[in-house]
Amino acid sequence: MQPGNAAKRITLSPIAADYRSPRTGRIIVRTMDFIEILPFSEIAYVEAAGNYCTFVLRDGNRIMASKTIKHFEGALSANRFLRPHQSYIVNLEYIRRVRKVPYCAICMDNDVEIPVARSRRTRVMEHITGAATC
């Protein structure tokens, strides 16, 4: 190995590193055609179906990515997003109300109801209201 070629380190440019950090308020979503850079404020919720996720934006547009919801869960800010069900992550800004009967569900601003799993009810209600009832 020649001295000039020894252990080249690959580093990200400051701009690319900025997009990867959840603290910037953005997430990178790779689709078949594009690399989308989505501000957290534009994401209403994320819906999973197997190994695919659909990002539903506040304007109603949908962006599909071929990654699991677990892949995106860590990148979405914990104080801004909540995972009430194995198939959903919701943006707390767009929650309008919580349905208590006949089942627990989160009602979003766009009138979509997101189910709350029984095993997550207490945690979800504490996060939203500060009380553990649903």
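The values are calculated or read from the model by the stated rules, or taken from the named source; none is laboratory data. Computed from a predicted structure; not experimentally measured. Glycine gets a Cβ as well: all are built from the backbone with ideal geometry, and neighbour counts include every protein chain shown.
Below, the figures for the structure above:
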{"read-out": "Positions within segment 39-53 being of a type in the set (S, T, N, Q) and closer than 15 Å to ALA75 by Cα, in sequence order", "value": "SER41"}
{"read-out": "Of the criteria (1) surrounded by 18 or more Cβ atoms within 10 Å (Cβ to Cβ); (2) in a strand (DSSP E or B), which one MET125 fails", "value": "(2)"}
{"read-out": "Selected residue [touching a Pro at 6+ places or on another chain (Cβ under 6 Å), surrounded by fewer than 16 Cβ atoms within 10 Å (Cβ to Cβ), hydroxyl-bearing (Ser, Thr, Tyr) and touching a residue at least 12 places away in the same chain (Cβ under 8 Å)] from SER77, SER41", "value": "SER77"}
{"read-out": "Qualifying residues in segment 16-67 (those that are part of a strand (DSSP E or B) and of a type in the set (Asp, Glu)) - the one modelled with the lowest pLDDT", "value": "GLU36"}
